[in-house]
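Before any comments, here is the structure.
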Amino acid sequence: MAVKVHEFQSKKLLSAFGVPVERGEVIFSKGEVGGAFGRLGAMERYAVKAQVHAGGRGLGRFANGLSGSGVRLVDSKDEAMDLVCAMLGNRLITKQTGPEGAPVSAVYVAEVIEPMGQFYLSIVVDRRAQRPVILASAEGGGNIEDLAEKSPWKIFREHIIPTFGLADFQIRKLAFALGLGEESLLQDFMATLRGMWKLFWEKDASLVEINPLALTAHGRLCAIDAKINFEDNGLFRNEDVRAMRDTTQEDLNEVRASQFGLTYVALGGTIACLTNGAGLAMATMDLLNDYSLDPANFLDLGDNSPQAAITEAVKILLGGPNVRCVVVNVIGGAMRGDVVAESILEALPTAPFHPPLVIRMEGANAEEGRKILRDRIPSAFFADGMSSLGDKVRMAVGR
């Protein structure tokens, strides 16, 4: 699972690795506004940016009456200060947040740079090639997905072999492709891309993106906007990144699950899934889709979760307001069926309502687990295998 950080955090990291960024200050409360603007000093224009973990901020809208988008350019210090105060505590709605929006607990204020040119530059994991790839384009500032769909030839790609790292010839190749081959620009571009790669590699990132990378009127490069995602399995090596996590921007149930070492992702469907093993979780969701049923989540208990973690997982599933059915699809190894059954019974009294249960158990102590649940939950549906699981779910939801 990817761990996201805010724009101001991304720029702080990029700057630490030698990537040029614009002058800016982050503000967390109205009491910090005066001090932050004092440190910024006088500027001709101010960029005021709501900090949320969602794209499309410049096209978003606020939930509580504030007009305009989540990224605003203003001409006066007083207007910028008022705007910061209005954004803090509000909720920003974009195409990625859904109608409820995301809370704005920080606002980033920066100098406005009028770019002479805008470039896209990122390093991301290419799953198909099983190695990192640099993506670069001379048409930055827009949606890279749209550009890839409409004009894929405008995106240049350069794969990095981790054993050898980023080579100078690769940087030069991309620089000339982007029209940045002039010596002064080439040196800036080399420093920028080297810093991005060093950050990507040392901090276990899954994405380091600058969009746009601006060419300033002074002939220098500067990261105007940035986005970085990190691989959560590498957080134990990077306590500084772990400390940047903003749980207010995450799904509450995903946060609860992570505190118990569980892998949970909300999907928005109506059929909740309790499984152990990523492969079994994916197979269960594929089966539901084949039956035109929408999974409410991805949940992997792993194979050695303690009973407290399993109980918490069941509580999370039972608490879903749109859940019409809970599918328990467990193959016991180190995890025993009777322990899963006892965890379900422990969680049931805490649920606001009891959706139908469809249970498939195989492996260690599966027979004992099924007996416990049959005796205590006579309304539960029991599947004999994957072939009957979908039929039982349809019966449970009355389809």
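Which of the residues that make up the range 255-295 are of a type in the set (S, T, N, Q), assigned to a loop (DSSP other than H, G, I, E, B) and surrounded by 14 or more Cβ atoms within 10 Å (Cβ to Cβ)?
Thr270, Asn276
Tell me which residues, restricted to the range 317-332, are under 21 Å from Ala283 (Cβ atoms) and part of a helix (DSSP H, G or I).
Leu317, the sole residue that qualifies.
Give me the residue from the range 333-377 that is among the basic types (Lys, Arg) and part of a helix (DSSP H, G or I) and, out of that set, nearest to the chain's Cα centre (by Cα).
Applying the first criterion (among the basic types (Lys, Arg)) to the range 333-377 yields 336, 360, 370-371, 374, 376.
Filter once more, so that each one left must be part of a helix (DSSP H, G or I): 370-371, 374, 376.
Working: Arg370: 37, Lys371: 40, Arg374: 39, Arg376: 39 Å.
Step by step, filter the range 333-377, then rank; the result is Arg370.
Take the residues in the range 199-223 that are closer than 30 Å to Thr163 by Cβ and of a type in the set (S, T, N, Q); name whichever of them is farthest from the chain's Cα centre (by Cα). Spell out how you get there, then give the answer.
Step one: filter the range 199-223 for residues closer than 30 Å to Thr163 by Cβ, giving 199-211, 213, 221, 223.
From the residues that got through so far, the ones that are of a type in the set (S, T, N, Q) too are 206, 211.
Values: Ser206: 11, Asn211: 17 Å.
Among them, the one singled out is Asn211.
If the Cβ limit is 6 Å and pairs must be 6+ apart or interchain, which residue in the range 176-193 that is of a type in the set (A, V, I, L, M) pairs with which residue that is in a helix (DSSP H, G or I)?
Leu180/Phe189; Leu186/Ala175; Met190/Ile171; Leu193/Ile171
For the range 352-387, name all the residues that are exposed (fewer than 13 other Cβ atoms within 10 Å of the Cβ) and polar (S, T, N, Q).
Selection gives Ser379, Ser387.
With the checklist (1) farther than 30 Å from Leu88 by Cβ; (2) among the aromatic types (Phe, Trp, Tyr); (3) crowded, with 17+ Cβ neighbours inside 10 Å in hand, flag the one item Phe230 doesn't pass.
(1)
Residues Thr247, Thr263: which one is free of Cβ contacts under 8 Å to residues at least 12 places away in the same chain and under 14 Å from the mean Cα position of the chain (by Cα)? Let's see the steps before the verdict.
Numbers: Thr263 fails: free of Cβ contacts under 8 Å to residues at least 12 places away in the same chain.
Within the list Thr247, Thr263, the selection yields Thr247.
Residues in the range 45-59 that are assigned to a loop (DSSP other than H, G, I, E, B) and at pLDDT 90 or above: how many?
Just the residues of the range 45-59 that are assigned to a loop (DSSP other than H, G, I, E, B), to begin with: 45, 51-56.
Next, from what is left, pick out any that are at pLDDT 90 or above: 45, 51-53.
Residues in the range 45-59 being assigned to a loop (DSSP other than H, G, I, E, B) and at pLDDT 90 or above: 4 in total.
The values are calculated or read from the model by the stated rules, or taken from the named source; none is laboratory data. Note that the coordinates shown come from a computational prediction; the quantities given were computed from them, not determined experimentally. Cβ sites come from the backbone with ideal geometry, for glycine too, and all protein chains shown count toward neighbours.
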